[in-house]
Each structure stands twice: as C-alpha cells, then as structure tokens.
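Trainee: Quick one: the structure is below, questions incoming.
Since every read-out is calculated from the coordinates, none of them should be taken as a lab result. Computed from a prediction, not measured in an experiment: that's the story for all the values here. Glycine gets a Cβ as well: all are built from the backbone with ideal geometry, and neighbour counts include every protein chain shown.
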Amino acid sequence: MIKQYRFLIYMLLTGTLFLAGCGSSAVETSGSDTSTTTVNSSDESAAAIEEITATSSVTTSDLTTLFSDRDYEVGYEESDAVVLTLGTNGSGSGVEVAQGDASAVTIDGDVVTITEEGTYVLSGTLTDGAIIVNAPEAKVQIVLNGVDITSADQAAIYVADADKVFVTLAAGSKNSLANGGSFTAIDDENVDAVIFSTSDLTMNGSGSLSVLSPGGHGIASKDELTVTGGTYEIEALNAGMKANDELAIADGSFTIHCSEGKGLKSETLVSVSDGTFTIVTDADDALHSDGAIMIAGGDFMISAGDDGMHADGVLSIGGGTIDITESYEGLEGLGIEIAGGEVSVVAKDDALNATNGADGDEFGFGFGGQEENLDADDASTDEESTDYSSYTAYVKISGGSLTVDAEGDGLDSNGTLEISGGDIIVYGPTMGGNGTLDYGSSATITGGTIIAFGPSSMEVNFTSDSTQG
C-alpha cells in the first residue's frame with residue numbers, strides 16, 4: 001500500500017497521465033509539454049458566457065464590482081437613529097419608540113411599518129409581530145441588536161417598497177427571526193420567506209442571525225440579495241437564500257438546511273468571494289443558478305439531495321475549498337471551469353457533467369436524474385429561464401486540484417473536455433455504461449496531471465490533438 005501511494009505521488013510530480021482499468025494493465029503516457037496553456041472555448045460557448053454575465057460583467061477574479069462601499073457599511077449616527085423597543089408589554093408584545101422621530105413609523109399592535117428613510121435600531125421580542133418597510137425610493141437601514149421576532153403567518157421582515165434596504169447584525173448581537181409555517185397575503189405580493197424584499201437587500205454586520213421557515217424560504221429578494229458579513233443559521237422548507245437577480249456573497253458564515261428546496265438560489269448569478277458554508281439539502285441542489293455560478297473563494301461543506309452545484313449556464317471556480325460529500329451529480333452546468341481551489345466530489349452519478357440540456361439530457365433529468373423541485377423554489381419567480389440548448393457544453397480545467405469519486409462518469413462533457421493545468425484524480429465509475437472520461441466531440445490535455453481509476457471496458461483516452469496524454 002505504501003509503495004502504491006508513493007507511485008501516485010511520483011506520477012503527479014512528473015506531469016503524466018495515468019489511466020488504470022480494473023483487471024487491466026496500466027497504460028502510462030506522457031507529453032513533452034507539461035506547461036499550463038490557455039485553451040479558448042468555442043465561439044458558441046464564449047457567446048453563452050457573455051450572455052449569462054451580461055447583467056454583471058464579472059469574473060471570478062473580479063467579483064468586487066458586485067459590491068458597493070455602502071454594502072459594507074455597518075456604522076450609523078446613533079443620535080439620528082430611531083430606536084424601537086419590542087415586547088414592552090411583556091410576554092412578547094408591544095412596541096415603543098425609545099428614541100428618535102416617532103412619525104417615521106406606524107405601529108399597529110405588534111406590526112411596525114417604517115415609512116421614511118433612515119436608520120432603525122431594534123431590540124426585544126415579539127411572539128407574533130412583523131417589521132414592514134414601505135418607504136418608496138428610500139434607503140433604509142435596519143439594525144438588529146438582540147431581536148427575536150416570530151410571525152405566525154407573515155414575514156418577520158417584509159420590504160414592500162424601498163430603493164434599498166440594509167439589514168445590519170449589530171456586533172456581538174444574537175438575533176432570531178421565524179415564521180409559524182404559513183404565509184397569508186396582505187397585498188399583491190407572494191410573500192413566502194421569513195425575510196422577504198421586493199427591492200435590493202443587503203445583509204451585513206458581524207452579529208448572528210437564526211432564521212426558521214418551516215413553510216417557505218429563509219431569506220428572499222425579488223431583486224439583488226447581497227451579503228457582506230454576519231453569521232447565519234437557516235432552517236427552511238424551501239430555499240435558504242434566494243434572489244431573482246444576483247445573489248452575491250462577499251463573506252460570512254452560513255449553516256443552511258433545506259428539507260425540500262435549494263441552499264443558495266438565483267435566477268441570474270450566484271457569486272461567492274469568501275466565507276464558510278455548511279449546506280445540507282435533503283432533496284435539491286445545494287447551490288443553483290438559472291444563469292451562472294462564480295466561486296472565487298470560501299470553504300464549502302456540502303451534502304446535497306440533488307446536485308452539489310448546478311448552473312444552467314457557466315459554473316466557474318477560481319479558488320476556495322469545496323468538499324461535496326454527497327450529491328446526485330457534483331458539479332453541473334453548460335460550462336464547467338476550474339482554474340483554482342481544492343475541489344472534492346462524491347456523486348451517485350456523474351461527478352462533473354457539462355450539458356446544454358439538449359438531446360434528452362436535461363438538467364437533473366438525464367439518465368435517471370433527480371427531478372427539479374420547481375414548485376418549491378420557483379413559486380415567487382418572475383423570470384423565464386434562458387434556453388441554452390444551442391450552445392456547446394464544455395469542461396475546462398486550467399488549475400487547482402480536483403478529486404472525484406463517482407458511481408457514474410468521472411468527467412463528463414456532452415461537448416468538449418479541455419485540460420491545461422491542475423491536478424486531477426478520478427475514482428470510478430462503479431455503474432455499468434459509464435467511464436472515467438466521457439465527452440461528446442473532443443478531449444484535449446495540454447498541461448496538468450490526471451490519474452484515473454475505472455473499469456477497463458469503459459476506458460477512454462484523449463483525442464489526437466492533445467500535446468500530452
């Protein structure tokens with residue numbers, strides 16, 4: 001056993017390709033050029049990337065364009081803030097304005113409506129109450145400083161109308177928001193989350209927030225959802241965090257469990273610059289975007305009932321540590337790009353699967369795949385998904401490390417497979433009719449290393465235009 005591992009290490013250091021088939025002799029090949037070179041995608045794939053990222057114009061190396069200085073700002077002028085004390089009548093009811101302009105809010109029982117621009121500092125407990133923002137064209141900051149709010153049949157925080165709302169978790173504070181398990185409409189909006197916003201929403205600060213949503217989403221925005229800090233523990237029936245536009249995370253700590261829905265979900269772009277993530281989804285994808293997913297950093301521990309990370313468009317990883325311990329398919333998208341980071345995938349089917357959804361290989365439906373939970377996560381969606389069936393699917397690996405353990409295909413592209421760098425180890429498949437490598441049109445290697453273990457009957461090598469392998 002020791003000799004075997006020493007041999008594997010040697011193979012990685014020398015930049016060779018090693019394909020081992022069960023019950024067969026090893027086939028070893030090497031190339032004279034082991035340097036990392038850039039391999040351009042096809043014109044169609046490039047067009048797909050441009051279309052997917054047209055609204056944000058970002059790459060994994062430049063996600064900072066998604067954040068404004070105000071998204072990071074947690075301070076405020078205490079003398080100008082409106083301070084609200086919750087639970088003043090005892091037993092979790094009653095609200096009083098302890099400081100500031102009382103005309104900026106209306107109080108109806110245990111429901112507070114914020115009507116003017118400004119900063120509002122909340123503390124205390126409401127056992128059946130809500131905070132509503134109805135301040136057209138205003139920027140509103142809500143500071144949670146030791147808040148515990150439960151709403152039996154509404155959102156605990158509902159942004160009905162505003163230019164942008166910032167929810168700040170005060171330093172050292174512990175906060176809790178919950179819904180009782182159902183949502184009763186109070187206007188024309190389909191409010192279905194503990195924090196629900198019709199406008200751009202930013203979560204920031206260094207405190208903690210616990211969100212319980214047994215009948216819906218945890219935190220949802222019909223526009224952009226931005227997170228720059230804080231510690232979050234979310235337990236939800238459907239999505240943990242959901243945005244109709246970009247879901248952009250700069251930093252934070254996230255523990256998310258969803259019994260039916262997706263962990264992080266966006267209609268256009270899910271981006272992560274940094275942070276710590278523990279995401280468990282019982283029946284759906286851990287990360288999902290109808291457009292693109294871009295990961296520049298962060299530490300991920302993922303156990304998914306369906307895909308670990310799924311993008312209808314491009315899934316791009318430039319850094320971070322990603323450990324997918326359970327999934328149906330580990331990484332899935334029209335295009336899968338890995339340029340850095342440490343990625344480990346365990347999958348019941350394909351570890352990496354690049355597909356445009358054409359020819360019956362629909363996302364989540366191919367070869368007995370898990371059915372998408374459309375009703376759960378898309379109830380409040382206004383967008384229509386882009387049709388990517390005319391684009392060329394691809395996998396492109398130029399750096400980082402990748403280890404996969406798959407019952408299905410290890411690396412599967414319905415179009416092209418391009419490797420120009422990185423260290424790759426593939427274990428599998430264990431199911432018949434699959435291979436360590438599977439591609440539709442071509443597979444080239446011009447740099448990096450790959451070691452693959454799988455049945456000799458399904459052994460596939462790279463095409464003749466490779467400079468090594």
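Trainee: In whole Hz and in residue order, list the ³J(HN,Hα) couplings for segment 99-105 that follow from phi through the Karplus curve 6.51 cos²θ - 1.76 cosθ + 1.60, θ = phi - 60°; x for Gly and Pro.
Mentor: Whole-Hz 3J(HN,Hα) from phi for segment 99-105: 7, x, 7, 5, 6, 7, 9.
Trainee: By per-residue mean of other Cβ atoms within 10 Å, what is the highest-first order of 291-299, 404-412?
Mentor: Working: 291-299: 24.1, 404-412: 26.1.
Result, highest mean first: 404-412, 291-299.
Trainee: What is the sum of charges, Lys and Arg at +1 and Asp and Glu at -1, for the other residues whose Cβ falls under 9 Å from the Cβ of Leu402?
Mentor: Taking every Cβ under 9 Å from that of Leu402, the sum is -2.
Trainee: Something else now. How large is ³J(HN,Hα) for each residue in segment 212-228, as worked out from phi by the Karplus curve 6.51 cos²θ - 1.76 cosθ + 1.60 (θ = phi - 60°), to whole Hz, x for Gly and Pro?
Mentor: Along segment 212-228, the couplings run 10, 9, x, x, x, 7, x, 10, 9, 10, 7, 10, 7, 10, 10, 10, 10 Hz.
Trainee: Another question, if that's okay. Which shape class, rounded, prolate or oblate, goes with segment 170-209 when its Cα gyration tensor gives a ≥ b ≥ c as root eigenvalues, a/c under 1.5 marks rounded, and past that a/b bigger than b/c marks prolate? Numbers along the way, then the final one.
Mentor: Numbers: a/c = 4.63, a/b = 1.75, b/c = 2.65.
The shape class here is oblate.
Trainee: If the viscosity is 0.692 mPa s and the temperature 37 °C, what translational diffusion coefficient in µm²/s does Stokes-Einstein give for segment 161-252 when Rh comes from Kirkwood over Cα pairs?
Mentor: 249 µm²/s
Trainee: Another one. How would you classify segment 211-308 from its alpha-carbon gyration tensor, with a ≥ b ≥ c the square roots of the eigenvalues: rounded for a/c under 1.5, else prolate if a/b is greater than b/c, otherwise oblate?
Mentor: Cα axes put segment 211-308 in the rounded bin.
Trainee: Amide H neighbours of Asp128 under 5 Å, counting only residues 5+ apart in sequence or on other chains, H built in-plane at 1.01 Å?
Mentor: Thr150
Trainee: Give, rounded to the nearest 20 debye, the magnitude of the charge dipole that segment 151-209 has about its Cα centre when Lys and Arg contribute +1 at Cβ and Asp and Glu contribute -1 at Cβ.
Mentor: 460 debye
Trainee: Which lysines does Lys265 reach when only Cα atoms under 21 Å apart count, and residues fewer than 8 places away in its own chain are ignored?
Mentor: Straight-line reach from Lys265, under 21 Å: Lys164, Lys222, Lys242.
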